[in-house]
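This report refers to the structure that appears directly beneath it.
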Number of protein chains: 2
Amino acid sequence: MVMRRVAIVGVGMTEFGEHWEMGFRELVAQAGLRAIEDAKLAGVKIDALYGGTMAAGRLIGQEHITALIADYMGLNPIPATRVEAACASGGVALRQGYMAVASGMHDIVVVGGAEKMTDVPVSDAAVALGGAGDQEWELFMGATFPALYALMARRHMYEYGTKEEELAQVAVKNHYNASKNKYAQFKSPVSLETVMGSKVIADPLKLFDCSPISDGAAAVVLAPMEMARQFTDTPVEIIASAQASDTLALSSRKSLTELRATKVAAKKAFELAHITPGDVDVCEVHDCFTIAEIMAIEDIGFFPKGKGGKATMDGETALNSTISINTSGGLKGCGHPVGATGVKQAVEITWQLRGEAGDRQVKNAEIGMTHNVGGSGATCVVHIMRRAD
Amino acid sequence: MVMRRVAIVGVGMTEFGEHWEMGFRELVAQAGLRAIEDAKLAGVKIDALYGGTMAAGRLIGQEHITALIADYMGLNPIPATRVEAACASGGVALRQGYMAVASGMHDIVVVGGAEKMTDVPVSDAAVALGGAGDQEWELFMGATFPALYALMARRHMYEYGTKEEELAQVAVKNHYNASKNKYAQFKSPVSLETVMGSKVIADPLKLFDCSPISDGAAAVVLAPMEMARQFTDTPVEIIASAQASDTLALSSRKSLTELRATKVAAKKAFELAHITPGDVDVCEVHDCFTIAEIMAIEDIGFFPKGKGGKATMDGETALNSTISINTSGGLKGCGHPVGATGVKQAVEITWQLRGEAGDRQVKNAEIGMTHNVGGSGATCVVHIMRRAD
C-alpha cells in the first residue's frame with residue numbers, strides 16, 4: 001500500500017483586508033473561482049471540498065459552512081467537509097485534502113480557507129479568537145491572545161536576551177514584503193522607529209508586533225501527481241504533510257519559549273520529505289505576533305534556539321537571504337483572516353515555486369514550506385512543497 | 001494503489017441526557033476512555049484523533065476543541081483534528097478517521113463526537129442549532145429547525161397522504177427501543193396517544209415528534225483490519241463510507257419530500273459495499289424529527305417513496321421485523337447531543353454486529369448501516385459495517 005503523490009495544480013485568493021462590501025460567501029467564491037480558473041478546471045469534475053474556518057459560528061452565526069460553500073459555488077452533491085483547528089484551520093484543511101487525494105478516495109479536491117471577521121466589533125472578534133486557547137483556564141481568567149504571546153516574548157527575552165528591537169525587525173521585514181504583494185492588507189513599509197513607537201498592547205508587544213483582524217479567503221486545487229499536467233505546466237508537489245498537538249493552556253507546558261507542536265510536526269515533515277531545514281528556500285511561518293516568527297524559525301530548525309532574534313536583525317530571514325521567511329508579508333503584513341491563513345501560505349509557496357511571485361520572488365526557489373499554528377501552539381501543521389520539473 | 005480495510009475495534013459512550021454535573025471535557029473523557037478500554041488499548045500508541053462537534057464555540061465558548069481533548073486525555077503530541085458538519089459532525093469525523101486509516105497515514109485512530117448543550121438556555125441552543133441552516137435565508141427570517149422540518153412533513157403529507165399518526169408511530173417505536181438502552185436520555189415507552197396529544201411545536205410536528213436538547217459523547221477506535229484482532233475478537237469492518245452535500249436552504253431544492261444528499265450518499269455506499277438495501281439487517285437513521293426517519297427509510301431505499309409512514313405503522317421498522325431501524329432509540333429516544341450522534345450510531349451498530357445489544361439485539365445481525373444528516377439535509381454521511389468472521 002503506497003500513498004499517491006499529490007500536487008497543487010491551481011491557486012487563488014482574495015485581497016486580505018477589511019471587506020465591508022463582501023460577505024463570507026462572496027469572499028470564498030472569489031478565491032475559489034480564481035483557483036479553479038488557475039487550474040483550468042472548466043468542465044472537470046471536482047470530487048470533494050475541504051474548508052478551514054475557525055469561528056464562523058460566532059462571527060457570522062453560520063456553522064455547516066463548507067456545505068454552504070459547496071451550495072453557493074454550485075458544487076452539490078460532492079462531499080464538503082469543514083475542519084477547524086483555530087488559526088491552523090486552513091493548514092489542517094489542506095492536510096485533509098492531501099489525505100483524500102493521497103489515499104485514492106478522491107482525485108480533484110478543492111481546499112479553501114476563509115474568515116469574515118469585520119462584521120462584529122473588534123472586542124467580539126477578540127473573544128471569539130480567545131476560543132482558540134483554553135476557555136476555562138485562560139480566556140475566563142481574562143487572558144487574550146496578545147497577553148499569552150506577551151508571556152512567551154517576555155520569557156524569551158529573559159532566557160535568550162532577545163531584544164524588543166529584534167521583535168520589531170520581524171514586523172519591519174514582513175511589512176516590507178507585504179508592500180510587494182498586491183493581496184496584502186498593509187501595503188506600506190514601516191520603519192523600526194514606527195514599530196518601536198507604537199502603542200503597547202500587552203507589554204512587551206506593541207501594536208505593530210500583532211497581526212490584524214482581517215477578512216479574506218484562499219483556495220488551492222489538488223490532484224494526483226499523475227494527472228497534474230492535465231491542468232498545469234507547473235505542478236507543485238506536496239512532499240510532506242505533518243501535524244502535531246500540544247496543551248491548550250500555556251500553564252501546562254514545560255517551556256514558554258518553544259512550541260513543542262512545531263518541533264514535532266517539523267521534524268516529522270523533514271523525515272517524510274527526506275530533506276533538512278537547510279534545503280528549504282522559502283518558508284511561510286505563522287507570525288501571529290512577532291515573537292511567534294522568532295520561535296518558529298528556531299523550532300523548525302532554521303536557526304539555533306535563542307538565535308532567531310539576532311538572525312532576524314542580521315537580515316538572515318529577509319527576501320533572498322539565508323532563508324526567505326514570510327515573503328507574502330506573513331500574518332503580520334499580509335493579514336490574518338484566521339481560517340484563510342494556512343491556505344494562503346500554500347498559495348504563496350506555490351507562486352514562489354512557480355516563479356510567479358513578482359517583486360518578491362525568491363531566486364531559484366525549489367523547495368518551500370508552510371507552518372501554520374492554532375491558538376498559542378496547541379496545533380501545528382507543516383507542509384513541504386517541491387517544484388515538479 | 002488499494003486502500004486498506006478498516007475495522008472498529010473499540011467503542012464507548014456516555015449516557016445521553018442533561019449532564020449538569022459534567023462539562024464537555026469530562027463527557028469526552030468518559031466516552032473516550034470507555035472506547036479505549038473496550039479496545040484494550042492500554043500501552044498501545046494512538047496515532048491520531050478526530051473529533052466531531054458542531055457548536056462548542058457558541059455553546060461553551062471553546063473552539064479548537066479536538067486539540068483540547070488531546071490535551072485533556074494526555075494524547076499530545078498526536079494530530080488532533082476537529083471536523084464540523086452541523087448534526088453530521090460525528091459521522092463526518094468517522095469518515096475522516098476511516099480515510100486516515102485506509103490511506104495508511106495512521107494505524108490506530110480514535111474518533112470522538114460530543115456536544116454540551118445544556119450550559120446555555122434552550123433558546124440560545126436553538127439559535128446555535130439554526131447555524132446548521134442557511135443563516136441569511138432561513139434563520140434570519142425566523143425559521144428554526146422544527147419549522148423547516150414541519151414544511152417537509154406537511155408537503156410529505158400532501159404528496160403521499162402520510163398521516164400524523166404515522167409520524168407519531170416513529171416516536172412510539174424509538175422510545176420503545178430507547179427503553180431497552182441504558183445509555184438513552186428517555187427510558188420510558190410512550191403511547192401513540194401521548195405523542196398525538198403533545199404540544200404542537202411547528203404544525204404538524206408536536207413535542208414528541210422532535211428530538212431533545214442533550215449532552216453526551218461517543219467514541220470509536222479504528223485500526224487496519226490486519227491489526228484488528230490484536231485488540232478484539234469481534235472486529236466490525238467498515239465496508240463503505242460515503243458523503244454528499246445539498247443546498248442549505250430548503251427554498252433552493254427541487255423537492256421538499258426527499259433529501260438528495262441521502263440518496264446520493266446511500267447509493268454510493270451500496271455500490272462500494274456491493275450490497276443492496278435489502279441486505280441490511282440494522283440501521284441507525286437520522287431521526288431529528290419523526291418525518292426525518294420516514295424520509296430516510298425511503299431515500300435510503302428500504303421502502304418506496306411515500307410508503308415510509310405506512311411501513312412504520314405496519315411495524316416493518318420495529319426491532320426484529322423487516323428492517324430494524326434505530327434500535328438505540330435514535331435521536332428521538334436516545335437523545336441528540338449534536339456532534340455525538342453520528343459516532344453514537346456507529347457505537348450502536350458495533351454492539352449490534354457483535355451481538356452485545358442485550359434486550360434490543362437484532363437476531364443474527366451481520367450488516368449494519370449508519371445515516372447521519374447535517375442541518376435540513378445539506379450534508380449526509382453514510383457508513384456500512386459488516387461483522388468480520
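The values are calculated or read from the model by the stated rules, or taken from the named source; none is laboratory data. Keep in mind that this is a model prediction, so the values were computed, not measured. Virtual Cβ from ideal backbone geometry, glycine too; neighbours counted across all protein chains shown. Ligands, DNA and RNA are stripped out before the accessible areas are found, and what is left, the full protein with its side chains, is counted by its heavy atoms. Shrake-Rupley method; radii C 1.70, N 1.55, O 1.52, S 1.80 Å.
Odds and ends about this structure:
- Over region A:231-316, the ratio between the Cα radius of gyration and 2.2 N^0.38 Å evaluates to 1.21.
- Members of region A:50-83 that become less accessible by 40 Å² or more once partner protein chains are added (1.4 angstrom probe, chain alone as reference): A:R58, A:G61, A:Q62, A:E63, A:H64, A:D71, A:N76, A:P77, A:P79, A:T81, A:R82
- Pairwise FRET efficiency - A:R229 versus A:D314, Cβ, R0 = 41 Å, nearest 0.05: 0.50
- Extents of region A:82-216, taken as max minus min of Cα coordinates on every principal axis and listed largest first, are 52, 41, 36 Å.
- Cα convex hull, the protein assembly as shown: 134 Å³ per residue, rounded to a whole number.
- In whole percents, the pair-distance distribution calculated for region A:191-285 from its alpha-carbon pairs, binned every 10 Å from zero, is 11, 23, 33, 24, 8, 1.
- For chain A, the longest principal axis of the alpha carbon atoms and the long axis of helix A:260-273 meet at an angle near 40°.
- Of B:F289, B:G142, B:S198, farthest towards positive along the dipole that unit charges on Lys, Arg, Asp, Glu beta carbons give chain B: B:F289
- Note on chain A: with a GNM built from Cα contacts shorter than 10 Å, the maximum mean-square fluctuation among A:I323, A:I367, A:I78 falls on A:I78.
- Probe 1.4 Å, accessible area per residue of the protein assembly as shown, Å²: 32 Å²
- Here region B:59-186 is assigned +1 on the Cβ of each Lys and Arg and -1 on the Cβ of each Asp and Glu. Its dipole about the Cα centre then comes out at about 500 debye.
- Sparse packing (at most 13 other Cβ atoms within 10 Å of the Cβ) combined with a DSSP loop state is found for the following chymotrypsin sites (Phe, Trp or Tyr not before Pro) in region A:135-168: A:F140.
- By Cβ position, the chain B residue that hugs the axis carrying B onto A most closely, with its distance in whole Å, is B:S103, 2.
- Whole-percent P(r), region A:141-193, all Cα pairs, 10 Å bins from 0: 24, 33, 33, 10, 0.
- Unsatisfied cross-links (Cα-Cα over 26 Å) in the set A:K180/A:K310; A:K187/A:K307; A:K305/A:K332; B:K163/B:K199; A:K199/A:K305: A:K187/A:K307; A:K199/A:K305
- Near B:L41, once Lys and Arg are set to +1 and Asp and Glu to -1 for all other residues with Cβ below 13 Å from its Cβ, the sum equals -1.
- Shape of region B:253-389, Cα gyration tensor, a/c cut at 1.5: rounded
- Loop-located chymotrypsin sites (Phe, Trp or Tyr not before Pro) in region A:1-87, at most 11 other Cβ atoms within 10 Å (DSSP): A:W20
- On Cα atoms only, tilt of B:338-354 relative to the major axis of chain B in degrees: 70 degrees
- Computed in the context of the full set of protein chains, the accessible area of the protein assembly as shown at 1.4 Å probe radius has 53% of its extent on carbon or sulfur.
- Annotation note: trypsin sites (Lys or Arg not before Pro) in region B:89-172 located in DSSP loop regions with a Cβ neighbour count of at most 14 within 10 Å are B:K163.
- Applying the Kirkwood pairwise sum to the alpha-carbon positions of region B:269-334 produces a hydrodynamic radius of 12.0 angstrom.
- Normalised by the number of residues in region A:147-257, the mean separation of alpha-carbon contacts (under 8 Å, six or more apart) gives a relative contact order of 27 percent.
- DSSP-defined beta bridges in the protein assembly as shown - what % are antiparallel, rounded to 5: 70 percent
- Note on A:D203: accessible area approximately 100 square angstrom, rounded to 10, probe 1.4 Å, nucleic acids and ligands left out.
- Distances between copies at A:G278, taken between label points 7 Å from Cα along the C-beta direction, are 6.9 nm in increasing order.
- Label spacing, shortest first and in nm, from B:S251 to its equivalents in the remaining copies (7 angstrom along Cα→Cβ): 4.9
- The A and B chains share an interface that buries close to 4800 Å² of accessible area, total over both sides, probe 1.4 Å.
- Sequence-separation-based contact order of region A:229-369, relative, with Cα cut under 8 Å and 6+ spacing, percent: 24 percent
- Each copy carries B:G197; placing its label point 7 Å along the C-beta direction from Cα gives inter-copy distances of 8.0 nm, listed from smallest up.
- 0 to 90° range, to nearest 10: angle between helix A:290-299 axis and chain A longest Cα axis: 70 degrees
- DSSP assigns beta bridges within chain B; of those with both partners inside it, close to 70 percent run antiparallel.
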